[in-house]
Each structure stands twice: as C-alpha cells, then as structure tokens.
Amino acid sequence: MNTIDYNSISEAITELSKIGQKEIATKLENILENNEVEKPKLHNKKDDKTTSYYRVNLTEEELEVITDLFLDLEVESLTEEGEAGHSTERYVTLLNNWSNISGETASL
C-alpha cells in the first residue's frame, strides 16, 4: 500500500500551488480528506491529523512532478559552495518520502 504522512502531503500542496500545479494540489487535498489510513486502537493521537498517514493514488506522471519539484527545491537550497542550506534537509526528507511511492499505473 502506498502511504505517506500528513506533512509530506501538506508541503507538496503548498509547493505545487506556488508553481501553478493546481490539479495535482487538488488531488492531494482530496487524499487528505478521503484517504486517511485508520490508526491503531491504542494510538494516543487519534484526532491529530499531523500523525496520520494517507493512501496515495497518483499516476507515475503526477508523482514525477512532485519528486522533480522537491529535487529542484533541494538543489536551490544549497549554498553557492554546494553546502546544505537551512532548508536542504527538509527537502531531502520530502523527496525521499515521495520517491518511495509508486504510481497507481505501476500496480496495474
């Protein structure tokens, strides 16, 4: 099952909106509304969306737009000397999270 955490989806919506990718951002908003994975009965933060994971049903092309976006942001966050900037680690994490998901077309 392809799942990803709330923060990764939320960050993707923000960044996609900045570059005019409204269609994918809207799909991600629908995922947040409809695809939450049920938490275990003993989970101590059942009502906290930031601890939730969501089933992702995007195409390979849509996932590629997201991973390319975070790759670009990671590169842009580097200093002129190629050193990690203050936001580089965040973009690396987001890129890794999104890279671990395969599109729905891959499972057909």
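The values are calculated or read from the model by the stated rules, or taken from the named source; none is laboratory data. Just so it is clear, the structure is predicted and the values come from calculations on it, not from any experiment. Counting neighbours? That spans all protein chains shown, and the Cβs are built from the backbone with ideal geometry, glycine included. In case anyone asks, the SASA skips ligands and DNA or RNA and just uses the protein heavy atoms, side chains included. Shrake-Rupley method; radii C 1.70, N 1.55, O 1.52, S 1.80 Å.
Pairs are defined by a Cβ separation below 9 Å, a sequence spacing of at least 6 or placement on different chains, a first member in the stretch 29-51 that is closer than 16 Å to SER10 by Cβ and touching a residue at least 24 places away in the same chain (Cβ under 8 Å), and a second member that is of a type in the set (D, E, K, R) and exposed (fewer than 11 other Cβ atoms within 10 Å of the Cβ); the pairs so defined are THR51/LYS45. Answer yes or no as to whether LEU78 is within 19 Å of ALA12 (Cα to Cα) and open to solvent by less than 80 Å² (accessible area, probe 1.4 Å). It is false that LEU78 is within 19 Å of ALA12 (Cα to Cα) and open to solvent by less than 80 Å² (accessible area, probe 1.4 Å).
Kindly provide the set of residues from the stretch 76-88 that are assigned to a helix (DSSP H, G or I) and more than 20 Å from ASN100 (Cβ to Cβ), ordered by number.
GLU76
Scan the stretch 34-54 and tell me whether some residue there is of a type in the set (Gly, Ala, Ser), within 20 Å of SER99 (Cα to Cα) and either open to solvent by 70 Å² or more (accessible area, probe 1.4 Å) or in contact with a Leu (Cβ under 9 Å, 6 or more places away or on another chain) (or both). The answer is yes, given that some residue of the stretch 34-54 is of a type in the set (Gly, Ala, Ser), within 20 Å of SER99 (Cα to Cα) and either open to solvent by 70 Å² or more (accessible area, probe 1.4 Å) or in contact with a Leu (Cβ under 9 Å, 6 or more places away or on another chain) (or both). Number of residues in the stretch 3-17 that are within 13 Å of ILE66 (Cβ to Cβ) and open to solvent by 50 Å² or more (accessible area, probe 1.4 Å) equals 1.
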